[in-house]
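S.K.: Questions regarding the structure given below will be posed in turn.
Nothing in this text is a laboratory measurement; each read-out follows from the coordinates by a stated rule. As the structure is a prediction and not an experimental result, all values here were calculated from the model. Every residue, glycine as well, gets a Cβ built from its backbone with ideal geometry; the counts of neighbours run over all protein chains shown.
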Amino acid sequence: MRGHAHARALVVTRGRASVAAWLAVAVVAQCAGLAHAQAPAWDDALRASQAAIGRSLADGTDQLVLRDALNRPVRLADYRGKPLVVSFIYTGCFQSCPITTRRLAEGVRAARAALGDDSFRVVSIGFNQPFDDPAAMAAYARQMRIADPRWTFIAPAAADVEPLTRAFGFSFQATPKGFDHLTQLSIVDASGRVAAQVYGENFELPMFVGPLKDLLAGQAARDTDLGSVWRKVKLYCTVYDPASGGYRLNYSLFFEIFCGVSVLAGLGLFMARELRREVRLPRSLRSLLFGMQAAERSPATRERAGARSARAHPSEGALAADRQSRIRARPWLGRVMRRVRRLRSLEH
């Protein structure tokens, strides 16, 4: 927007669409004079933008035939499968659009460094038709020094501008000096649904990278292969560092995850051992089963098994005989036993 004052950055995602109306003026007004005159209209524009959150582009919007900077036909449906960042610009803009595009380029570099080079796509759509044709979009990309192969500059047909901008909740208004329009970035999920809107020329990196990170983490959570588990852990440990103004891996979180997994593994092993102990058969039942199995074996085997069983469970007679043999082997033990019996008889 020409003459645009410093815009306050704002991100709105699904379930967080209530924003004070005065922010609409800070985000979309062309200048201070127009802000007061057109604040109600721009307030409606912001509400329309927020209403697009959660909207699916599969209503036919993603099938509109657009043209890239090389005049090749493309559709938004071609970008399904990964998050997509969509910005609307007009190439004749000399202030707001270049500032927003340069800031978006910084955010894209930071997001690719944190989330992966091939983790998402970007498209910039020229809405001033027929002037924002493929050649004009290519010249604008060169002017902004953007040579990212995953960032496409697109020109829609004049008849498709209205349904395309309406689907994203993007509003613009022609003025004698150009256009007044929302400074808006739309983030679309892998299924083609608008997931978040980011407002402002100089948005902070977490406002832009955060929704992308959430979408990628959600995709990794739905997948069960080992690579997805590693991506989920890496995304969880990727944090914003205010000191450096960028994202980095927090290795202390890796250590916390390792400790947590180790504790859970140890607890699982302990519980497994306890369960094995509980399901063991009582000794008497094991002996009974052992004796039944021994009865089915050969006589010699049954004899050895019987001897083991007799040693394990001696009868009362066997116990008395064993005591007598011990007494005969140790005469002093017999004398002690007799004295004990004599004392007991005197007590009674």
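S.K.: Counting only other residues whose beta carbon sits under 9 Å from that of residue 122, what net charge do I get with K and R as +1, D and E as -1?
M.R.: +1
S.K.: Per Stokes-Einstein, at 4 °C and 1.567 mPa s, what whole-number D in µm² s⁻¹ belongs to the range 61-150, with the Kirkwood radius over Cα pairs as the hydrodynamic radius?
M.R.: In µm²/s, the coefficient is 94.
S.K.: Right, next: Taking the dipole about the Cα centre of the range 141-222, with the C-beta of Lys and Arg at +1 and of Asp and Glu at -1, give me whichever of 206, 173, 144 is farthest to the positive side.
M.R.: 144
S.K.: Still on this model: In the neighborhood of residue 145, defined by Cβ-to-Cβ distances under 15 Å, what is the net charge if each Lys or Arg adds +1 and each Asp or Glu adds -1?
M.R.: Spelling it out: positives minus negatives among the neighbours equals +2.
S.K.: Using the Karplus curve 6.51 cos²θ - 1.76 cosθ + 1.60 with θ = phi - 60°, what ³J(HN,Hα) values do you get for each residue of the range 122-136, in whole Hz, with x for Gly and Pro?
M.R.: Calculated HN-Hα couplings, in order: 9, 10, 10, 10, x, 9, 8, 9, x, 7, 8, 7, x, 5, 5 Hz.
S.K.: Around residue 121, which amide H atoms from residues at least 5 apart in sequence, or from another chain, sit under 5 Å from its own amide H, with H modelled in the peptide plane?
M.R.: 84, 85
S.K.: Another one. If amide H atoms are built 1.01 Å from N in the plane of the peptide, which residues on other chains or at least 5 residues away come under 5 Å of the amide H of residue 69?
M.R.: Placed amide hydrogens put 153 under 5 Å from residue 69.
S.K.: Tell me, in nm to one decimal, what length is gained between residue 113 and residue 139 on full extension, where the rule is 0.36 nm per residue of separation less the Cα-Cα distance?
M.R.: So the extension gain works out to 6.7 nm.
S.K.: Give the long-range amide H neighbours of residue 175: residues separated by 5 or more places, or on another chain, with amide H under 5 Å away, using H modelled in the peptide plane at 1.01 Å from N.
M.R.: Distant-sequence amide H within range of residue 175: 180.
S.K.: Work out from phi, with θ = phi - 60° and the Karplus expression 6.51 cos²θ - 1.76 cosθ + 1.60, the ³J(HN,Hα) of each residue of the range 80-95, listed in order in whole Hz, and give x for Gly and Pro.
M.R.: Result, ordered by residue: 5, x, 9, x, 10, 9, 10, 10, 10, 9, 9, 5, x, 6, 10, 9 Hz.
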